[in-house]
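Have a look at the structure below before the remarks.
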Amino acid sequence: MPPTNTNKQETGKEFNFTRADFERVRGLIYQRAGISLADSKQEMVYSRLARRLRANGIASFASYLDALEAGRMPAEWESFTNALTTNLTSFFREAHHFPLLAEHALKARAKHGAPLTIWCSASSTGEEPYSIAMTACEAFDTLTPPVQIIATDIDTNVLATASAGVYPLERVDKMEQARLRRFFLKGKGAQEGLVRVRPELRQLITFRQLNLLADGWDLKGPFDAIFCRNVMIYFDKATQRKILSRFVPLMKPDALLFAGHSENFLYVSDSLRLRGKTVYELNQG
């Protein structure tokens, strides 16, 4: 029997992508970012990394992965990681968290007196940290609230978008008009169809690249609140446990940790207890 032909004509794909290639990608992204790719993600991996093969003029996935592992393309690791990072987000996503954040901010300010510090650990394209900033402005009824927000992400591409603070108008079409008028500037002329967050809002946030799996985090805690929403679902239990154990020392005694709707930290850490719907506090008992 002749060998099976896996060229573009037979597979309908530009590049041959074997199960072995997929397993190599799974291993590399787990090592670099702690992301556990499910079997169902094979087509997603192909489509996203095929762009990197084209960009580098490489003819096969095997050659691309060989070059990465051999250190022949050190700058490509960032693009490899960016390509496989999922960045689904929206303004005021999981809206039940923000009234609780506003209440917590006012109480913490009254109790401690110092400006509040909040860490958004997966900022994506910026909708979440800007939602945090808007909540703080509304809670304190000023565009210059006593709040400092650190927003981090592993993906440098989305951080660039977040830092610019410019979005298509449809990204804010479900937002209350009062919020839209208070916190955004509408584009005109060549910028029509876009909105930009007000500079006062942008000044509340420091955007930085950070890998949650890195040996050290360049962060100064403790924080009044940490947002880590819809991130842990991409990690296995061992990685979740490791990250949560590093969150705990960065939380003030009365700090809150906000999780995503499908995440449950109680099965991972006994240092936390449930405060509200997907909101945790330190277990003082």
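The values are calculated or read from the model by the stated rules, or taken from the named source; none is laboratory data. Bear in mind the structure is a predicted one, so any value in this text is a computation, not a measurement. Cβ sites come from the backbone with ideal geometry, for glycine too, and all protein chains shown count toward neighbours. Ligands, DNA and RNA are excluded from the accessible area calculation, which covers all protein heavy atoms including side chains. Shrake-Rupley method; radii C 1.70, N 1.55, O 1.52, S 1.80 Å.
Just a few scattered comments:
- Dipole size of segment 35-93 about its Cα centre, with +1 on Lys/Arg Cβ and -1 on Asp/Glu Cβ: approximately 240 debye, rounded to the nearest 20.
- FRET E, pair ASN211, GLU170, Förster distance 25 Å, beta-carbon r, rounded to 0.05: 0.20
- Taking Cβ atoms as reference points and 15 Å as the exclusive limit, the residues near ARG182 contribute a net charge of +2, counting Lys and Arg as +1 and Asp and Glu as -1.
- Using alpha-carbon coordinates, inclination of helix 19-33 to the longest axis of the chain, degrees: 30
- Relative to the dominant Cα principal axis of the chain, helix 42-56 is inclined by about 80°.
- Dividing the helix sum by the residues of the chain, where each DSSP H run of 4 or more adds -39500 (n - 2.57), gives a mean residue ellipticity at 222 nm of -11500 deg cm²/dmol.
- ALA160-ALA38 FRET efficiency (beta carbon distance; Förster radius 45 Å; 0.05 resolution): 0.95
- SER262 contributes about 70 Å² of solvent-accessible surface, heavy atoms of the protein only, 1.4 Å probe.
- Across the options TRP217, THR278, ASN230, the greatest Cα extent toward the positive end of the charge dipole of segment 215-285 (unit charges at beta carbon of Lys, Arg, Asp, Glu) belongs to THR278.
- Fraction of accessible area attributable to carbon and sulfur, the chain (%, probe 1.4 Å): 51
- Computed magnitude of the charge dipole of the chain (debye, nearest 20; Cβ of K, R +1, Cβ of D, E -1): 380
- Average accessible surface area per residue within segment 80-155, 1.4 Å rolling probe, Å²: 33
- Between the listed residues ALA255, LEU244, GLY193, the Cα displaced farthest toward the positive end of the dipole of segment 157-285, a dipole computed from Cβ unit charges relative to the Cα centre, is found at GLY193.
- Computed on the chain, with alpha-carbon pairs under 8 angstrom and 6+ residues apart, the relative contact order is 16 percent.
- Cα long-axis angle, helix 237-247 against the chain (0 to 90 degrees, to the nearest 10): 40
- In segment 142-214, the trypsin sites (Lys or Arg not before Pro) that fall in loop regions by DSSP, at most 11 other Cβ within 10 Å: LYS174, LYS188
- Extension gain (nm, one decimal) between ARG181 and THR144, 0.36 nm per residue minus Cα-Cα: 11.7 nm
- Each of ALA114 and ARG246 was given a label point 7 Å from its Cα along the Cα-to-Cβ line. The distance between the two points is 2.2 nm.
- Loop-located GluC sites (Glu not before Pro) in segment 129-205 whose Cβ has at most 11 other Cβ within 10 Å (DSSP): GLU176, GLU192
- Rounded to the nearest 20 debye, the dipole magnitude of segment 146-265 is 320 debye, with +1 charges on Lys and Arg beta carbons, -1 on Asp and Glu beta carbons, and the Cα centre as origin.
- Qualifying trypsin sites (Lys or Arg not before Pro) for segment 12-104 [loop in DSSP, other Cβ within 10 Å: at most 12]: ARG72
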